Amino acid sequence: MQENIMEKIVSLAKRRGFVFQGSELYGGLQGTWDYGPLGVLMKNNIKAAWWKKNIQERGDMVGLDAAILMNRKVWEASGHTKFMFDDLVECKACHHRFRKDKVGPKCPDCGGDFSDAKPFNLMLETVVGPVASDDAKIFLRPETAQGIFVDYQLIQETTRRKLPFGVGQIGKSFRNEITPGNFVFRVREFEQMEIEYFCRPEEGMTKYEEWRQARLAWWLGLGIKKDNIRFYEYKKEELAHYSAGTTDVEFAFPFGKNGWDELEGIAYRTDFDLKAHINASGQDIGYFDEETKTKIVPHVVEPSAGVDRAFLAFMLNGYEEIAGGRSTTTESNKEVETVLHLHPAIAPYKAAVLPLSKKPELSVPAKALVAELRKRWMVDYDETSAIGRRYRRQDEIGTPYCITFDFDSLEDKKVTVRDRDTMAQDRVAIAELEAYLEEKLKY
Ligand code: GAP
């Protein structure tokens, strides 16, 4: 990774409208970020790519969108009220607070000594309804997973699924992180893409391995470089008591311990969660096995990825600076050029239409062309400044194809399509442009 790459990504994200600090007008709110016009497109694309490969294209997966607010009893049953704690230390001098495993022996702000560690619950509490009684105090969910467990039987019965099958869900989660930081890596409001895959106990290990490979293939398929991704497999003594295997998919985040940090967690959670809800609710939400006429509690494999971390990983993975520029056009001022090599499925805009001149002769048909393309894809339009500069603007935000409409286009009814990564140019008939792009953008 390049030096200072995080500062460069944060600056690019702000300058081009990918991500802004949350509530910036009022001095910000720590641990929150707003995804701007380009960021929301990219985030939606990440989620759509996840949904497509993990739900749509598999016959054994269905989706869910459970409520963020859940009965307090859910979190008591799942163990979150008892176990979702981080160790917090407070500086005796400046009283700043830190997560114990994220700081050294002395306060990083003033060098003071720390107090003994105290457990700190990470769930954000709120109140529902007009009476602030104890019963009205609930939590904003710290993971989307529990919605799937609680609805497990309803989903299985309504979809008449047989084991093995899985449920996928994308949604917001909230954690009152003691030390949010590293841009969108650790935040207090974030999104997760989670799968709970239910199977027979004897298939658990096989499914765990299959999901590890499937998830790695998904990241690689979206252009994450092999050198930027790896598995960290938990040792036996590191596993939670109910887990028969846990793997972190790690990305080469430059701030990580030894240059690596967690992008996604894949856990084989055995029957822990469903059993916990069966015991706490008194409802037998197990699985009735038609073959053996017995009730079993399915085992669960859980691949759980963060959307915000995915966003950051794709930005870091794709960012390239070319000293002296790579433009072949005469406008090139030989400054540093930035190219964001995003997979077309992830890129905010799929293409940009750039008329060579602002004159109505070209802008009228170019606008008609972009209007047509916009029925299918997010397509940008830019008629300002020199063409080289416009290419560079699109390169910097990861637009895979620039379509130039020039004076010849009026005669030959063709446009020039420039590839962001290779800068190769194809002359394509306007009548065939949609089919051309469709093939290039296929995911
Ligand atoms: N249901 C399992 C679960 O929630 P986790 O490892 O705590 O497991 C899964 O979280 C993923 O959610 C992480 O790998 C990370 O990508 C994302 N995530 C967790 N906490 C986060 C935070 N504070 N900010 C951003 N992403 C977070």
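Against the main long axis of the alpha-carbon atoms of the chain, helix 387-396 sits at an angle near 10°.
Taking each DSSP H run with n ≥ 4 as -39500 (n - 2.57) and averaging over every residue of the chain yields -8500 deg cm²/dmol at 222 nm.
For the pair Glu203 and Asn44, a Förster radius of 30 Å applied to the C-beta separation gives a FRET efficiency near 0.35, rounded to the nearest 0.05. Assuming a ≥ b ≥ c are the square roots of the Cα gyration tensor eigenvalues, decide whether segment 138-220 counts as rounded (a/c under 1.5), prolate (otherwise, with a/b larger than b/c) or oblate. Cα axes put segment 138-220 in the oblate bin.
With 0.36 nm allotted per residue and the present C-alpha distance subtracted, the Thr384-Gln2 stretch has 134.4 nm of extension available.
Among Gly306, Gly28, Gly111, determine the one that fluctuates most according to a GNM of the chain built with springs between C-alpha atoms less than 10 Å apart. Between Gly306, Gly28, Gly111, it is Gly111 that shows the largest mean-square fluctuation. For segment 1-94, applying the loop criterion from DSSP together with a ceiling of 13 other beta carbons within 10 Å to the GluC sites (Glu not before Pro) yields Glu3, Glu57. Rounded to the nearest 10 degrees, the angle from helix 360-373 to the longest Cα principal axis of the chain is 30 degrees. The magnitude of the dipole of the chain, with charges of +1 and -1 set on the Cβ of Lys/Arg and Asp/Glu and taken from the Cα centre, is near 480 debye. Quick one: check the C-alpha center-to-center distance for segment 180-230 versus segment 390-420, whole angstrom. Distance between centres, Cα-based: 36 Å.
When the chain is described by a simple charge dipole with +1 on each Lys and Arg Cβ and -1 on each Asp and Glu Cβ, the residue from Ala77, Pro298, Leu222 located farthest towards its positive end is Leu222. Label zone (Asn258, point 7 Å along Cα-to-C-beta; backbone nitrogen cut-off 13 Å) within segment 219-249: 230-235.
Estimated at 0.36 nm per residue, the fully extended path between Lys137 and Leu29 surpasses their Cα-Cα distance by 36.6 nm. Determine the shape class of segment 254-386: with a ≥ b ≥ c the square roots of the Cα gyration tensor eigenvalues, call it rounded for a/c under 1.5, and otherwise prolate if a/b is greater than b/c, oblate otherwise. It comes out oblate by the Cα gyration axes. Projecting the Cα atoms of His277, Gly256, Ala267 onto the dipole axis of segment 251-293, where Lys and Arg carry +1 and Asp and Glu carry -1 at the beta carbon, places Gly256 farthest toward the positive end. Name the residue, out of Ala217, Ala424, Ala366, whose mean-square fluctuation peaks in a Gaussian network model built on the chain with Cα pairs under 10 Å. Among Ala217, Ala424, Ala366, the largest GNM mean-square fluctuation belongs to Ala424.
Return one number: the angle in degrees, 0 to 90 and rounded to the nearest 10, between the long axis of the Cα atoms of helix 204-221 and the longest principal axis of the Cα atoms of the chain. Orientation of helix 204-221: about 20 degrees from the principal axis.
The orientation-averaged shadow of the Cα convex hull for segment 334-440, equal to a quarter of the hull surface, comes to 6.4 nm².
The GNM of the chain, with springs linking C-alpha atoms under 10 angstrom apart, assigns the highest mean-square fluctuation among His96, His277, His80 to His96. Placing unit charges on each Cβ (+1 for Lys and Arg, -1 for Asp and Glu) gives the chain a dipole about its Cα centre, and among Val339, Val364, Ile46 the Cα reaching farthest toward its positive end belongs to Val364.
The amide H of Ser173, built 1.01 Å from its N in the peptide plane, has Phe190, Glu191, Gln192 as neighbours under 5 Å, considering only residues 5 or more places off or on other chains. Averaging Cα coordinates gives a centre for segment 37-63 and one for segment 427-443; these two points are 23 Å apart.
Extension gain for the segment Asp113 to Arg376, taken as residue separation times 0.36 nm less the Cα-Cα distance, is 88.8 nm to one decimal.
With contacts taken as Cα pairs under 8 Å at a separation of at least 6 residues, segment 350-420 carries a relative contact order of 40 percent. Here segment 313-443 is treated with +1 on each Lys and Arg Cβ and -1 on each Asp and Glu Cβ, and its dipole about the Cα centre works out to around 260 debye. Amide H contacts of Gly325 (H built 1.01 Å from N, in plane; Pro and chain starts excluded): Glu337 sit under 5 Å, all sequence-distant by 5 or more or on other chains.
Read-outs: derived from the displayed coordinates by stated rules, not from any lab. Because the structure is predicted, anything quoted here is derived from the model rather than measured. Neighbour counts are summed over all protein chains in view; Cβ atoms, including those assigned to glycine, are modelled from backbone coordinates with ideal geometry.
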